[in-house]
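Mind having a look at this structure? Questions to follow.
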Amino acid sequence: MRVETVVESEVVELFAGTGTCPVCSARSKAVDGWIYGAFYNLLHNEDARFRLKSGGLCREHSRRIVEIAREKSDIGSLPVSVVFKELLIGQLDLIGQGERKLFKKAPSSRSTGSCHLCEVSRESGKRYVIAIAKFFDSEKIRKLYEESSSILCIDHAREIVVSMRTATAEWFVALQKSKVESVVKMLERYIGKHDYRNTSPIGDDRNAWLTASRIIGEARVTGHNE
């Protein structure tokens, strides 16, 4: 498929994912890329260390740093140990003296609680939501998504649709509903094949639960938009 821009090429690549949300995949890729780039030469990367110390790390991204350090031998445990030590020293400053004042509030000048990797993830998500909404005006991109097994999660689908032209939005909503319904049917087939009366073998539907886990999103089941 002929593409005209680097971003369009990246969107095409994301649509090639199997049973994944393209925007979620882009966010994960951005976070992993930042972690690798920062920790590969962390001892000489003062900017990365400052960004990580300024807001701390959420549990999700602390775990991801550990996973990548274990996967990549050129990162290893040393730079991770350095950052974790610095973060814990910062947290020690919040532990005060006295029986009733064990924990002090962080100074207002610190952006505590603002995990830098969460921000990397959010900014990447915003870029791709805007890009995908724009590219869906192209017939070739719409056709690519129609034929792709990738499925936008409900959260990113909601963000994308508000940026679309009315005609494109109508197409997108209908297709998105069809894609999600196909996953529901796969789950039903998989569940049904565990009935003792079933004689049909389990096929591709064995992975339906994994697909569902990647697209189910965080939307409230009550249907209320927040």
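Show the residue pairs meeting these rules: Cβ distance below 8 Å; 6+ apart or different chains; first residue within the range 196-210 and among the aliphatic types (A, V, I, L, M); second residue surrounded by 11 or more Cβ atoms within 10 Å (Cβ to Cβ) and outside any loop (DSSP other than H, G, I, E, B).
Once the first residue is among the aliphatic types (A, V, I, L, M) and sits in the range 196-210, its partners that are surrounded by 11 or more Cβ atoms within 10 Å (Cβ to Cβ) and outside any loop (DSSP other than H, G, I, E, B) give Ile202/Tyr190; Ala208/Val183; Ala208/Met186; Ala208/Leu187; Ala208/Arg189; Ala208/Tyr190.
Same structure, new question: Pairs, please: C-beta under 8 Å, at least 6 apart or cross-chain, first residue at pLDDT 95 or above and in the range 61-90, second charged (D, E, K, R)?
Going by the 8 Å Cβ cut-off, the qualifying pairs are Arg64/Asp32; Ile68/Asp32.
Can I ask one more? Among the residues of the range 182-215, what is the count of those that are among the acidic types (Asp, Glu), at pLDDT below 90 and not in a loop (DSSP other than H, G, I, E, B)?
The total comes to 2.
Let me ask something additional. Of all residues in the range 120-153 being among the hydrophobic types (A, V, I, L, M, F, W, C), assigned to a helix (DSSP H, G or I) and buried (at least 17 other Cβ atoms within 10 Å of the Cβ), which is nearest to the chain's Cα centre (by Cα)?
Taking the candidates together, the pick is Val120.
Please identify the pairs in which a residue from the range 7-23 that is at positive phi has its Cβ atom under 8 Å from the Cβ atom of a residue that is surrounded by 18 or more Cβ atoms within 10 Å (Cβ to Cβ) and among the small types (Gly, Ala, Ser), counting only partners at least 6 apart or on another chain.
Gly19/Ser150
The values are calculated or read from the model by the stated rules, or taken from the named source; none is laboratory data. Note that the structure is predicted; figures quoted are calculated from it, not measured. Note that we place each Cβ from the backbone using ideal geometry, even for glycine, and neighbour counts take in every protein chain shown.
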